[in-house]
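What follows is one structure encoded as structure tokens, with my remarks underneath.
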């Protein structure tokens, strides 16, 4: 694929990129780890801190401002995910969002949790601890292999057991960039007998990258963060809980934001919506930062337009790397996401972890930022919609040059 951009598009992108301090002196390909923030997000957080300190920091007026800001944040996230606002919970990050439903289930000895072999270590650790405490069995299905061809839905179906109660799965796999067919997976799990299987999604790599309609998918739990593809501040994320399953998931982290003190209105004491899973005092100016970052993306184009451009860029890089005899993309086909993972092959045609580590080190010295992954051991590059065509072409040239010099 030959990348090209009109002069008008290039000018628009350069104007946008000038708002991101991190892009001024480097070629950034680590959006899947953490996205850079625009000036508008930094300014919004500073202004929010000044508001807190000028008006409070603790007063009735500040409390009203916090409540209004939190509700506006939930509304923005609900629109981003196409879900009702009452189904949104504000969290710190993906891991916290996953822990809420994981620990909220009334687990019984002999129950089973199904994981794919592409889940993040933080989520795996939580599942392992649940297994230890409650005598819950853990099954792992080989979705990673489907990056080279195969049907991930069939792999998941083959791994479901009669006592499986929850599937933990990523929407976009963080190690291969593969986009899993979420609607089909949910339909499979909800049709499972003798009991439906809940679906918990690690959405670290999907929110902010692609258009989403979670109501249509009927997914049960969807945990995400604002600091990756949304380019917001670290420390603020969200959890969507399908309203029909909310009462089946008890709050585990509990604080004054979780409860409704009006016993007549709510005899259980919990907030009647997703706020029941929120806890207590947070870094509220982070909400202003994430709002500003999301506003900036929406000014550039629709979510579908941004995703299409992002995929065009990633496909071009994948094709360039796939053509080199000593570079092997982890995915056999261009990933429909911004993540492109690849292996550098040694003289015997095997992946070389030593070369992966050295490549990332050498390119960082040139202000080209990539990262290594451990499972499988590979190098990952990430492109966003505001990555330039020239950056993708230059990265492909530099990777091929580096490998040719081995």
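The values are calculated or read from the model by the stated rules, or taken from the named source; none is laboratory data. Since this is a predicted model, take the numbers as computed values, not measurements. Note: ideal-geometry Cβ built from the backbone for every residue, glycine included; neighbour counts use all protein chains shown.
Residue count for segment 155-179, restricted to those that are within 29 Å of residue 314 (Cα to Cα) and surrounded by fewer than 19 Cβ atoms within 10 Å (Cβ to Cβ): 1. Consider residue 392 carefully, then state whether it is assigned to a helix (DSSP H, G or I) and under 28 Å from residue 210 (Cβ atoms). Yes, satisfied. Counting only helices (runs of 4 or more DSSP H) that sit wholly inside segment 12-119, those with at least 3 residues that are surrounded by fewer than 17 Cβ atoms within 10 Å (Cβ to Cβ) are 39-55, 60-81.
Total residues in segment 286-316 satisfying the condition of being in contact with a helix residue (DSSP H, G or I) (Cβ under 7 Å, 6 or more places away or on another chain), surrounded by fewer than 22 Cβ atoms within 10 Å (Cβ to Cβ) and more than 15 Å from residue 38 (Cβ to Cβ): the figure is 1. Every condition in (1) more than 23 Å from residue 106 (Cα to Cα); (2) without any contact (Cβ under 8 Å) to a residue 40 or more places away in the chain; (3) surrounded by fewer than 15 Cβ atoms within 10 Å (Cβ to Cβ); (4) under 25 Å from the mean Cα position of the chain (by Cα) holds for residue 217 except the one numbered (3). All of (1) in a loop (DSSP other than H, G, I, E, B); (2) in contact with a helix residue (DSSP H, G or I) (Cβ under 9 Å, 6 or more places away or on another chain); (3) surrounded by 24 or more Cβ atoms within 10 Å (Cβ to Cβ) hold for residue 238 with one exception: (1). Which one is nearest to residue 372 (Cα to Cα), of the residues in segment 159-172 that are outside any helix (DSSP H, G or I) and more than 18 Å from the chain's Cα centre (by Cα)? Result: 166.
When residues in segment 363-389 are screened for being outside any strand (DSSP E or B) and touching a residue at least 12 places away in the same chain (Cβ under 8 Å), 13 of them pass. Would it be correct to say that residue 310 is modelled with pLDDT of 95 or more, part of a helix (DSSP H, G or I), within 20 Å of the chain's Cα centre (by Cα) and assigned by TED's automatic domain parsing to the domain that holds residue 146? It is false that residue 310 is modelled with pLDDT of 95 or more, part of a helix (DSSP H, G or I), within 20 Å of the chain's Cα centre (by Cα) and assigned by TED's automatic domain parsing to the domain that holds residue 146.
This table checks each residue for (1) touching a helix residue (DSSP H, G or I) at 6+ places or on another chain (Cβ under 8 Å); (2) assigned by TED's automatic domain parsing to the domain that holds residue 96; (3) not in a helix (DSSP H, G or I).
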{"position": "157", "(1), (2), (3)": "yes, yes, no"}
{"position": "174", "(1), (2), (3)": "no, yes, yes"}
{"position": "183", "(1), (2), (3)": "yes, yes, no"}
{"position": "187", "(1), (2), (3)": "no, yes, no"}
{"position": "193", "(1), (2), (3)": "no, yes, yes"}
{"position": "196", "(1), (2), (3)": "yes, yes, yes"}
{"position": "200", "(1), (2), (3)": "yes, yes, yes"}
{"position": "204", "(1), (2), (3)": "yes, yes, yes"}
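When segment 317-362 is filtered for residues that are crowded, with 21+ Cβ neighbours inside 10 Å and in a loop (DSSP other than H, G, I, E, B), the ones remaining, listed by number, are 330, 331, 335, 337, 338.
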